[in-house]
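Below is one structure, written out as C-alpha cells, with a few remarks after it.
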Amino acid sequence: MLELRLVQGSLLKKVLEAIKELVTDANFDCSSTGFSLQAMDSSHVALVALLLRSEGFEHYRCDRNISMGMNLNNMAKMLKCAGNDDIITIKADDGSDTVTFMFESPTQDKISDFEMKLMDIDSEHLGIPEAEYHAIVRMPSTEFARICKDLSSIGDTVVISVTKEGVKFSTKGDIGAANIVCRQNTSVDKPEEATVIEMNDPVSLSFALRYMNSFTKATPLSSTVTISLSNELPVVVEYKIAEMGYVRFYLAPKIEEEEEESKPQA
Amino acid sequence: MLELRLVQGSLLKKVLEAIKELVTDANFDCSSTGFSLQAMDSSHVALVALLLRSEGFEHYRCDRNISMGMNLNNMAKMLKCAGNDDIITIKADDGSDTVTFMFESPTQDKISDFEMKLMDIDSEHLGIPEAEYHAIVRMPSTEFARICKDLSSIGDTVVISVTKEGVKFSTKGDIGAANIVCRQNTSVDKPEEATVIEMNDPVSLSFALRYMNSFTKATPLSSTVTISLSNELPVVVEYKIAEMGYVRFYLAPKIEEEEEESKPQA
Amino acid sequence: MLELRLVQGSLLKKVLEAIKELVTDANFDCSSTGFSLQAMDSSHVALVALLLRSEGFEHYRCDRNISMGMNLNNMAKMLKCAGNDDIITIKADDGSDTVTFMFESPTQDKISDFEMKLMDIDSEHLGIPEAEYHAIVRMPSTEFARICKDLSSIGDTVVISVTKEGVKFSTKGDIGAANIVCRQNTSVDKPEEATVIEMNDPVSLSFALRYMNSFTKATPLSSTVTISLSNELPVVVEYKIAEMGYVRFYLAPKIEEEEEESKPQA
C-alpha cells in the first residue's frame, strides 16, 4: 500500500507543470527513500529526473517498491483541480491499476478524490554517474527564463560561455545576433538574487533553445537555477525543491557543425 | 414611455455577461413591478429567468407593459462600452423600434447614448410553479464555479448528491473519476463563505456539466449561489442580485441511462 | 559614428509598440538635433512622425546625418528583450550595415547587445507645414483609447464634432448607433485628467476607426493626447514624449459619401 501526504500540495502541481511539456507518459517510482521519476522527452533528446525525498512528506508509507505509469497530461489535469493551499495525498492499493489523488482544503470543508487509471510503460532506468563539471553557474531562475525566452525571438541555438567574470548567452538568426552577459555578483540583498560562478576551466557549449525554454517551465519551483557545464557531457539544469529534492534536466550539447548553423545547399 | 435609471450600472453589464452565452435573442418584459426576462437556451434544454424589481432603480417609469426583443450579444456589446461606475438608463419611446442605453460617468463629464434596434421575437411565457425541493444547498458562488470547471476536465456529467453532512459532486470520464465533497459549514467569518444545506430527503441527480458551466457565468453577480434539487423537477441554480432580484437557471436532470454514460454500440 | 544613450530605455520600447502596427519598414533619421522618423503606413493612408530630441539623451553623439532603414517588427522584437528599467544605447559605425542596441540593467550586472541588419528603404520626406486648426482637443489618452475601442464594436467610422461645450464621437453600424460626449472639464485634481477644448470654429469630421485604434497604441507614451482638427486638413493625433519630443499621427478625413456609409446596390 502507498500513501504519501504532502502538506504543501502546490509543489506537486508545480512539478507536473514543469515536466509535462517534455514528457508525455512516465513511470513514477516509489520506494522507502522517496518518490521519483526519470524519463526521456518524446524526441529522446532531453532527460528529466525528479526526486521528492520521503522526509519532505508529512506522512510517507510505501510498503514495497512500486512503479506507476502515468500520463502526465491527465495527471496535470487532475492536480489542477487542487487548490494552491490544499494538502495532497497520493494513494494506491497493492496491485491496483489506479492511483488516487486526494485534495483537502485548509479548512477541511472540501475533500476531493480523483482516481486515475495507470498505464504500462516500458522504460529503462539510466544510471547517471556523478561527474566533475568545468563550470557551474547559479543564478536567479527568472533571469535564466527571461534570457532563454528573449534569445528565442532571435535564434534557435544558444551558446553558453563561462569565464571567471561571468556567463554569456549568445544566439544569431535571420534578423541579427544577440549576446547577453551576466556578471558574477554575490553582493546582493537576497542570496537568491546572486549570480555565482564556480569555474575550473572556461567552457563554451551550444544548446537548442527549444529545450532550454521547456526546462524553464520549472521556474516556479525555485528562485534559483544551477547550470552545470562540461565539454562532452550533457548540461544539467537543476531546480531545487525546498527541503525535498529537485527537478533536473539533462541535454546534450549541439555539435560544432550545428553551432555554426551552416545549412547545406540543396 | 420607458425610462429606467440604474445607479449601479455594472449590475446590468454583469447580467448580460451571465446570460448571453445561453440565450441569443430574448424579450425583455417591462411592467410597473420590474424589468424581467424569461427565455430558453438555443437548444431548448435550459431556462433562464431574470428579475430586476422596480424598487432597485433610482428612477423607474414604465407607462404600460412592454416587451422588447433584443439580441443579447449586441446588447452586451453596447453595455461593455459603459464604465463600471457608470449610471445606466434604459429608454424607449412608445411604439419605437429602438431602445437607448445611456451611460453617465460618475463625474458627469462623459455621457454616452447607444441606440439599438429591437427585434420581433416569438416567445411564450412559461408559468413556473413554486415547488417544494428535497434539498437546498447554499454555497459560495466561486466555489461552485470552480467545482463545475474542475469536473469538466474529467467528465461531461455531474452527479449532485446531498446528504445532511454535505453535498457531493461526482463525475467520471476516459481518464478517471472524481468526487468533490463540500461539508456543511456555518461557522465561518463571513456569511457568504458558508455552505448551508437544508434537506428534507436525500437526493442524487445528474446534470450536463456544459450547462452548469454556462450558469456559472453569473458568478460575478453574487457571492453565493443557491441550488435547489428535487427528483423529477428541474434543478434551480439561483444567483441573487442584491436588493433587486435574481437570475435563475433551470435544468432538467439527465435520466438514469445517461447517468451511467452507457453508449449504445452502433 | 553614432552613439545615443537613453537612460529611460522603456520610452524607446513604447515608441516601437506605438508605431509598429502601422509601419513595417522605415528610415530612422539621425542628426545633431535628434532621432526622428517619418513614414506612411503600409496602405499609404496615415502618416507617422516621431521625434526624440538630442537633449533627451544622456549621451548623444551623431558625427554626421545618417538614415538607417529598419524593419520595425524586428526592432521591436529586440527591444522587447530590454528590461523596463534598462538603459538603452543605440550604436552604429559609419558605413556599417548593422545597428546595435545595447541594454544595461540598473545594477550593471546584465549587459546585452543586439545587432540588427539594416535595410535600404526608399522614402521621401514630406514637409508638414505648420497649420492653423479649427479646434484642438486635449484629453486623457486612456479615455480617447477607450472611446475608439468602444465605438469599433458598433461601427467603422467615427464622426468627431467639436463645439465649445465638448467633443462628440459618433458612429453607426448594423446593430445601432452610438454617441459619446466628453464635456470640457478643467477643474480636475490632476492636470492630465482634464479635457480642454480650444476652438475657433465648430468642426465635424469623419475618420476610419481602424486607424484611430492603431494610433491609440501610443497611449502608454503619454497620459494625454491632443487632437487637432481642421476642415480639409488631416487630423493630427499627438502623444507627447516627456521632455523629448512626440509621436504624431496624421489621417485624412473621410469624404461625405463615405460618412453616410451608403452602399450602392449591386
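Quick check: anything in the range B:102-117 among the aromatic types (Phe, Trp, Tyr), touching a Ser or Thr at 6+ places or on another chain (Cβ under 6 Å), within 14 Å of chain C (Cβ to nearest Cβ) and surrounded by 19 or more Cβ atoms within 10 Å (Cβ to Cβ)? Yes, the conditions are met somewhere in the range B:102-117. Of all residue pairs spaced 6 or more apart or on separate chains, those with beta-carbon atoms under 9 Å, a first member in the range C:171-183 that is touching a residue at least 60 places away in the same chain (Cβ under 8 Å) and over 14 Å from residue B:75 (Cα atoms) and a second member that is part of a strand (DSSP E or B) and among the small types (Gly, Ala, Ser) are C:172/C:178. Filtered by the rule that a residue be surrounded by fewer than 21 Cβ atoms within 10 Å (Cβ to Cβ) and over 20 Å from the mean Cα position of the chain (by Cα), the range B:72-83 gives a lone residue, B:83. With the requirement that a residue be within 14 Å of another protein chain (Cβ to nearest Cβ) and closer than 14 Å to residue A:254 by Cβ, what does the range A:188-243 give you? Within the range A:188-243, just A:209 meets the criteria.
Residues in the range C:77-101 that are of a type in the set (A, V, I, L, M, F, W, C) and at the interface with chain A (Cβ under 10 Å from one of its Cβ atoms): C:78, C:81, C:82, C:99, C:101.
In the set (1) polar (S, T, N, Q); (2) within 23 Å of residue A:219 (Cβ to Cβ); (3) outside the structural domain of residue A:203 (by TED's automatic domain parsing), residue A:170 fails one condition alone, (3). Would you call residue C:183 buried (at least 17 other Cβ atoms within 10 Å of the Cβ) and of a type in the set (Lys, Arg)? So residue C:183 does not fit the description; no. The number of residues in the range B:144-186 being assigned to a helix (DSSP H, G or I) and touching a Leu at 6+ places or on another chain (Cβ under 7 Å) comes to 3.
Taking each residue of the range C:207-231 that is over 15 Å from residue C:156 (Cβ atoms) and at pLDDT 95 or above and looking for partners that are part of a helix (DSSP H, G or I) and polar (S, T, N, Q) with beta-carbon atoms closer than 7 Å, six or more apart or interchain, yields C:219/C:141; C:219/C:142; C:222/C:141; C:223/C:141; C:224/C:141; C:225/C:141. Filtering the range B:251-262 for residues that are assigned to a loop (DSSP other than H, G, I, E, B), buried (at least 21 other Cβ atoms within 10 Å of the Cβ) and touching a Phe, Trp or Tyr at 6+ places or on another chain (Cβ under 8 Å) leaves a non-empty set. Among all residues of the range B:41-51, there is none that is within 14 Å of chain A (Cβ to nearest Cβ) and under 30 Å from residue B:180 (Cα atoms). May I ask you to verify whether residue C:139 is surrounded by 19 or more Cβ atoms within 10 Å (Cβ to Cβ), touching a strand residue (DSSP E or B) at 6+ places or on another chain (Cβ under 8 Å) and within 14 Å of chain A (Cβ to nearest Cβ)? In short, no.
Of the residues making up the range A:132-165, just one is among the charged types (D, E, K, R) and free of Cβ contacts under 8 Å to residues at least 12 places away in the same chain, namely A:146. In summary, residue A:22 fulfils each of the numbered conditions (1) in contact with an Asp or Glu (Cβ under 6 Å, 6 or more places away or on another chain); (2) in a strand (DSSP E or B); (3) under 24 Å from residue A:213 (Cβ atoms) with the single exception of condition (2).
Within the range A:43-54, is there a residue that is surrounded by fewer than 21 Cβ atoms within 10 Å (Cβ to Cβ) and over 26 Å from residue A:215 (Cα atoms)? Among the residues of the range A:43-54, not one is surrounded by fewer than 21 Cβ atoms within 10 Å (Cβ to Cβ) and over 26 Å from residue A:215 (Cα atoms), which makes the answer no.
A quick yes/no check of all residues on (1) hydrophobic (A, V, I, L, M, F, W, C); (2) assigned by TED's automatic domain parsing to the domain that holds residue A:51:
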site	(1), (2)
A:97	no, yes
A:106	no, yes
A:110	no, yes
A:113	no, yes
A:122	no, no
A:127	no, no
A:139	yes, no
A:143	no, no
A:151	yes, no
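The values are calculated or read from the model by the stated rules, or taken from the named source; none is laboratory data. Computed from a prediction, not measured in an experiment: that's the story for all the values here. Quick reminder, even Gly has a Cβ in these numbers, built from the backbone with ideal geometry, and neighbours come from all protein chains shown.
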